[in-house]
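Read the structure below first, then the notes.
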Ligand SMILES: Nc1ncnc2c1ncn2[C@@H]1O[C@H](COP(=O)(O)OP(=O)(O)OP(=O)(O)O)[C@@H](O)[C@H]1O
Ligand SMILES: [Mg+2]
């Protein structure tokens with residue numbers, strides 16, 4: 001089917017009386033690296049959860065090709081989620097299991113491969129990430145950066161057409177952060193996937209992204225190339241790029 005464009009139109013989402021998303025419209029470009037940025041609490045993670053089918057929007061549409069995930073049946077959403085790789089924050093790995101078992105987990109869970117095929121695939125993808133020799137090691141013994149790589153391998157093992165990363169570098173030291181940035185680019189190259197990254201790291205955003213979207217007060221301020229961001233005279237954009245992001 002190929003990496004999808006995701007068309008987000010007029011998405012709203014409230015929690016109680018608090019309207020977090022007030023009509024968000026943007027296109028996630030197929031096969032490209034798309035960054036979503038904004039201050040803390042602006043609704044970036046909520047938007048990601050809507051894109052991955054974990055939350056339903058109150059109104060609006062989110063189309064993956066012909067499927068509108070805002071309205072789709074749970075079975076349809078589950079089918080779509082098999083095409084997705086998710087890398088959320090720390091703690092997503094099973095500490096009591098080995099590296100290999102963690103990486104194989106989605107294949108096992110979705111019943112997508114025989115045990116032999118799964119092992120072969122996990123070894124190959126861990127090898128690509130320089131982690132092949134850790135296959136039998138307990139995850140609890142790994143460093144933070146190594147755990148990120150295992151989480152990335154687990155996100156990529158299903159050959160996802162779209163990969164979501166929520167703040168992949170938050171809490172890492174600068175060196176590890178830039179290693180993870182490289183992994184994001186690597187992930188996009190090896191799988192030709194559509195990549196969506198939520199980030200607070202402006203330098204990474206401007207150097208890695210094909211498309212950047214700035215959220216503010218529940219709406220899109222600007223969605224464009226890093227160059228359009230650098231050249232923008234919009235005060236919100238200027239403030240944000242000059243370090244207005246306090247989180
Ligand atoms: N399940 C929920 N129930 C109630 N409020 C929620 C829920 N999920 C998110 N919110 C609220 O929605 C707002 C946006 O949250 P979100 O996590 O999307 O922010 P964010 O932009 O990802 O921030 P950060 O950069 O700090 O991660 C916050 O005020 C949060 O408290
Ligand atoms: Mg968040």
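Each principal axis of the range 25-110 carries a Cα extent, and these read 41, 33, 26 Å when sorted largest first. For the chain, the longest principal axis of the alpha carbon atoms and the long axis of helix 144-156 meet at an angle near 90°. Put a dot 7 Å past the Cα of residue 68, heading toward its Cβ, do the same for residue 192, and the two dots end up 3.0 nm apart. Estimated purely from DSSP H runs of n ≥ 4, each contributing -39500 (n - 2.57), the mean residue ellipticity at 222 nm for the chain is -10500 deg cm²/dmol once divided by its residues. Here r is the Cβ-Cβ distance between residue 97 and residue 233 and R0 is 45 Å; the resulting FRET efficiency, rounded to 0.05, is 0.30. Annotation: for a label point projected 7 angstrom from Cα along Cα→Cβ of residue 56, residues of the range 71-104 with backbone N closer than 14 Å are 71-78. As a size descriptor, the averaged projected area of the C-alpha convex hull of the chain was calculated at 13.3 nm². A protection proxy built from the mean count of other Cβ atoms within 10 Å ranks the segments 157-167, 131-141, most packed first, as 157-167, 131-141.
For the chain, the longest principal axis of the alpha carbon atoms and the long axis of helix 174-191 meet at an angle near 80°.
Modelled spin labels at residue 159 and residue 210, positioned 7 Å past Cα toward Cβ, are 2.0 nm from each other.
Here, each number is a calculation from the coordinates, and none is a lab measurement. Since we're looking at a predicted model, the values are computed, not measured. Cβ coordinates were reconstructed from backbone atoms using ideal geometry, including for glycine residues, and neighbour counts include every protein chain displayed.
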